[in-house]
Amino acid sequence: MSAAHPRPDVLMPLRNLCNSVKCSRDRVRDGESNECSGAFSLSNFWETLSEAVKSTSQEATKLSVMFSNAPSDEDCVKISESVQKSVLTLSTVYFWLPASQGVSLRKVVRDATAEVLDGLVHLLEAILSSPGESLSQEQLMSTGGVWAACDQFDQLPKDNRSAVLSVLTACAGLVKDALEEMEQALAEAQDPFGAVLDDDDDDDEGHQDTHWSEADRLLVTQCQGLMKASGASLRKLCSAVRTNGSLETEERISQLDALTDAARDISPSVDDLALSLYPPVDRSAVDLNVCKLVCVLKKVLDITRSSHVCAEADVSWVEFLSGAVEHNLQKITSLLRDCGS
């Protein structure tokens, strides 16, 4: 049987806590780091942050268990103060991490910290929506959400090079997926939408806009070359960062961030190009998306060429891929011109 619901005034500390956690979450999402004037120890930061995350997880557990029944006024105040202390510690430690350690790293830690605080908000809202009930399903799920958000800190990259590599690797995977989907669509049938259309409607006139013409297929194949160059650029860049990426100076850390910022645009640009290639092929959209992807790739390769990750042995692949991008652009432009676009 559910315990009696607490009086509204008993829940006031919890409502205040919920509002406070929301403020801390928003400040983490939008706030700037506190640049340190002295030496900064990244290892000490991670050790302190790990303790703060562990404490927050434990406080979330205590909070959930306490509100599986109706707590006393005193208990409600005590748990609210205890959770508040862990939240302030967590957000304060996050702000210790200066941007000079790497924007990519800071973004990873920021997002993970905000996710923990957002999970706490959901837990508090679940408790406030059904106070005194014996662990509602929403409360159980919200508690688990906080645990999961806290647990992910063990898997986070611990320096800017690792953070950059995680972004580049993810981007390379997305480009690979887009390319495989396009190859599968080309290989399966003349009509890439045949599997989702009713057999009764299978007439040429009704489906004329779902077929690739021979000219379309030639264009798609050439665009695949540009998409493959995109994937190759990301793979080579990952290897260069892994081998040559340095954290010795703020300039080199910033160069890694610049590479990441530029490379993030590759996957969305590949997706836009791929979507414009499905029938009915809009050649003006293909032209626009090809130009956009080429600009993104040239920018990434130019930044790579001028950064410390490009050792003497890497110049050859940067030049090769730059040539491949230009070659594919010329071929695609020729096909589009021949089609009268």
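The values are calculated or read from the model by the stated rules, or taken from the named source; none is laboratory data. This structure is a prediction, so every number in the text was calculated from the model and none was measured. All Cβ positions, even for glycine, are placed from backbone atoms using ideal geometry, and neighbour counts span all protein chains on display. Calculation scope for accessible area: heavy atoms of the full protein, side chains included, ligands and nucleic acids excluded. Shrake-Rupley method; radii C 1.70, N 1.55, O 1.52, S 1.80 Å.
The table that follows gives values for the structure above.
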| quantity | calculated |
| --- | --- |
| Lone qualifier among Q152, Q137 - being farther than 15 Å from L17 by Cβ, modelled with pLDDT under 95 and either open to solvent by 10 Å² or more (accessible area, probe 1.4 Å) or touching a Gly at 6+ places or on another chain (Cβ under 8 Å) (or both) | Q137 |
| Lone qualifier among V121, V103 - being among the β-branched types (V, I, T), under 19 Å from the mean Cα position of the chain (by Cα), in the same structural domain as V65 (by the TED database) and surrounded by fewer than 23 Cβ atoms within 10 Å (Cβ to Cβ) | V103 |
| Qualifying residue in the stretch 243-256 (condition: touching an Asp or Glu at 6+ places or on another chain (Cβ under 8 Å), of a type in the set (K, R), under 30 Å from V108 (Cβ atoms) and open to solvent by 10 Å² or more (accessible area, probe 1.4 Å)) | no |
| E74 vs. criteria surrounded by fewer than 16 Cβ atoms within 10 Å (Cβ to Cβ), assigned to a helix (DSSP H, G or I) and more than 28 Å from the chain's Cα centre (by Cα) | yes |
| Pairs, first over 17 Å from L301 (Cα atoms) in the stretch 237-250, second open to solvent by less than 50 Å² (accessible area, probe 1.4 Å) and modelled with pLDDT of 95 or more, C-beta under 7 Å, six or more apart | S246/H308; L247/D159; L247/N160; L247/I253 |
| Which listed residue is over 26 Å from the mean Cα position of the chain (by Cα), among the aliphatic types (A, V, I, L, M) and farther than 17 Å from T169 by Cβ, from A229, A258, A274, A324 | A324 |
| Residue count for the stretch 284-321, restricted to those that are free of Cβ contacts under 8 Å to residues at least 60 places away in the same chain, open to solvent by less than 60 Å² (accessible area, probe 1.4 Å), under 23 Å from the mean Cα position of the chain (by Cα) and over 21 Å from S239 (Cβ atoms) | 1 |
| Flag for N328 being assigned to a helix (DSSP H, G or I), over 30 Å from K107 (Cα atoms) and open to solvent by less than 40 Å² (accessible area, probe 1.4 Å) | yes |
| Given (1) among the hydrophobic types (A, V, I, L, M, F, W, C); (2) modelled with pLDDT of 95 or more; (3) crowded, with 20+ Cβ neighbours inside 10 Å, index of the condition A262 fails | (3) |
| Residue check for L63: modelled with pLDDT of 95 or more and closer than 21 Å to L14 by Cα | no |
| Residue match in the stretch 265-272 (condition: without any contact (Cβ under 8 Å) to a residue 40 or more places away in the chain, of a type in the set (D, E, K, R) and not in a helix (DSSP H, G or I)) | yes |
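Residues are listed down the side, and each one gets a yes or a no for (1) in a helix (DSSP H, G or I); (2) under 20 Å from E319 (Cα atoms); (3) in contact with a strand residue (DSSP E or B) (Cβ under 7 Å, 6 or more places away or on another chain); (4) polar (S, T, N, Q):
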{"position": "A262", "(1), (2), (3), (4)": "yes, yes, no, no"}
{"position": "A274", "(1), (2), (3), (4)": "yes, no, no, no"}
{"position": "V281", "(1), (2), (3), (4)": "no, no, no, no"}
{"position": "V286", "(1), (2), (3), (4)": "yes, no, no, no"}
{"position": "V294", "(1), (2), (3), (4)": "yes, yes, no, no"}
